[in-house]
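The values are calculated or read from the model by the stated rules, or taken from the named source; none is laboratory data. Worth saying up front: this structure is predicted, and the values here are computed from it rather than measured. Please note: Cβ atoms are built from the backbone with ideal geometry, for glycine as well, and neighbour counts cover all protein chains shown. The accessibility values were calculated without ligands, DNA or RNA, using every heavy atom of the protein model including side chains. Shrake-Rupley method; radii C 1.70, N 1.55, O 1.52, S 1.80 Å.
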Amino acid sequence: MTTAAECCDLILFGSLGDLARRKLLPALYQLEKAELLHAESRIIGVARDAMSAEDFRERVQQSLKEFVTKEQIDNEVWQRFAKKLHYCGLDLADLEAYDDLAQLVNPNQRAPICYFATPPSLFPVICDGLASIKLNQAPTRVVLEKPLGHDLASCCKINQHVARYFDESQVYRIDHYLGKETVLNLLALRFANSIFSDQWNHNTIDHIQITAAEQVGVEGRWGYYDDAGQLRDMVQNHLLQVLSLIAMEPPTRLDAESIREEKLKVLKSLRPITQANVNEDTVRGQYAAGFVGENRVPGYMEEEGAVGKSSTETFVGLKVHIDNWRWSGVPFYLRTGKRMPQKRTEVVITFKPQPHNIFHETLNQLPPNRLIIRLQPDEGVEIQMMNKVPGLGKRMQLKPTTLDLSFYETFENKRIADAYERLLLEAIEGNQYLFVHREEVEHAWRWIDGIRSAWTQLEKAPKPYAAGTWGPVASVTLMAQDGREWDDES
Ligand code: BG6
């Protein structure tokens, strides 16, 4: 049985923007459908345009038609949801305009949850505005969307400004990967199964691969992307969060403080990548024209909005070391890119080989066991292991086989909720364990800045790769130089 969350006013800054339309409003609708929103809760859209609540409802209905599947739309739910929608038009930079918002909310009746779905350059001014109407005391919470800065200095600046008015316990920094069902399942897999928890260290694990590949290119946001690049856009946040959950020590409890403390220790233990090892341990790539499936797609520099020359990377491959007892000598290989052959996010854990092969007459080399955690799509867990081929005439012929736990087949009829549904719900309930602590985000930037600065000093330009391939050849070499290969090559 589910119970509705705390009564709140969800104040959505940037409520007409892309993120709100594509993700946040559909997610709130799904929460309403699942009866997880309190009957008295409200959603207050905030944006610069002047419009009535009725007009706003119409805009939201349009977005739902576009971004929620037909089968999920239910008229009764929509009627309930529409009643919760309100609107306040205000110029975010005009402090006096916030009085209109003050008239609408009453923290004694409903906890204000202020979601900043705007460019981060507006975060400071929104904080000033909220403070000017005294909307910065508990129970107010602020939810901050990424990107939180573009380097350590700019991130600290935002964090300092937010901290002027809000205590860290009121701040919810989003990394939408932390809301994904399968990312959360990493906790269950590791800490609810002794067969894994006992093996999770350098004694049994040879190396770990984390891949986040996308088929899409820059999707019409060349300007933003060209300033960011794949290292900032995907590694600084999503990949480092997944890595932290895979590598952290068992937290003492399933709460924000315990989990975030352990993730932070991992981030602090990342071995810096500097000029000394950047050439060996990193790969930068940029896609050229090619084919994704049957479709011919343009290169990065031919994308809509592209200007001049660009040395921004759309692919990153990294070899990462975590300098602590558990992971001593176990490399983590990370790769992420746009215009790859498939959309695929997965973690592959390769175990050490058997010390002695008694099957050498039929098999020279025993392939290592692998645990594959498919984060998306086709969510599930696979174990690759050796089996005897059955049959009288086969003697001891062995074959690699797979134990495959597909979530869709195992948990039939269970709709996998979008990450934003979970994150919005947790923010409404005041649970911070799926949000990123200030120190985590700052440590992640410190490490990423090191890589960027080494790239700049050595003028390491991205290597071209054809769209629809797994990145530049150098990515294969990154593994091959250690006698290993990416999962898709084996
Ligand atoms: C976003 C990045 O944070 O994550 C995008 O800005 C990327 O560039 C997206 O496409 C990937 O998210 P997901 O959930 O589709 O893996």
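For segment 236-260, residues that are over 19 Å from the mean Cα position of the chain (by Cα) and either assigned to a helix (DSSP H, G or I) or within 9 Å of the ligand (Cβ to nearest atom) (or both) total 2.
One residue alone among 125, 143 is crowded, with 18+ Cβ neighbours inside 10 Å and outside any loop (DSSP other than H, G, I, E, B), and that residue is 143. Selection of segment 185-221 for residues being at pLDDT below 95, touching a Phe, Trp or Tyr at 6+ places or on another chain (Cβ under 9 Å) and within 16 Å of the ligand (Cβ to nearest atom) yields 185, 217, 218, 219.
Restricting attention to segment 462-485, the residues that are in a strand (DSSP E or B) and crowded, with 20+ Cβ neighbours inside 10 Å total 1. For segment 441-455, does any single residue satisfy the condition of being open to solvent by 70 Å² or more (accessible area, probe 1.4 Å), among the hydroxyl-bearing types (Ser, Thr, Tyr) and out of contact with any Phe, Trp or Tyr (no Cβ under 6 Å at 6 or more places or on another chain)? So far as segment 441-455 goes, no, none of its residues is open to solvent by 70 Å² or more (accessible area, probe 1.4 Å), among the hydroxyl-bearing types (Ser, Thr, Tyr) and out of contact with any Phe, Trp or Tyr (no Cβ under 6 Å at 6 or more places or on another chain). Among the residues of segment 27-57, write down those that are open to solvent by less than 10 Å² (accessible area, probe 1.4 Å) and touching a Ser or Thr at 6+ places or on another chain (Cβ under 7 Å). Listed by number, the residues that qualify are 45, 46. Residues that are within 24 Å of residue 451 (Cβ to Cβ), under 26 Å from the mean Cα position of the chain (by Cα) and not charged (D, E, K, R) number at least 1 in the following strands (runs of 3 or more DSSP E) confined to segment 311-399: 315-320, 332-337, 344-351, 370-376. Would it be correct to say that residue 108 is part of a loop (DSSP other than H, G, I, E, B) and open to solvent by 60 Å² or more (accessible area, probe 1.4 Å)? When the stated conditions are applied, residue 108 passes them. Checking each residue in segment 180-199 for being in contact (Cβ under 8 Å) with a residue 40 or more places away in the chain and more than 24 Å from the chain's Cα centre (by Cα) picks out only 199. For segment 222-235, filtered to residues that are more than 8 Å from the ligand (Cβ to nearest atom) and farther than 18 Å from residue 375 by Cβ, the residue that is most open to solvent (accessible area, probe 1.4 Å) is 227.
Kindly list, by first and then second residue, each pair from a residue in segment 230-243 that is under 19 Å from residue 219 (Cβ atoms) to a residue that is in a helix (DSSP H, G or I) and within 8 Å of the ligand (Cβ to nearest atom), limited to pairs with Cβ atoms under 8 Å and residues at least 6 apart or on different chains. Once the first residue is under 19 Å from residue 219 (Cβ atoms) and sits in segment 230-243, its partners that are in a helix (DSSP H, G or I) and within 8 Å of the ligand (Cβ to nearest atom) give 233/225; 237/177; 238/176; 238/177.
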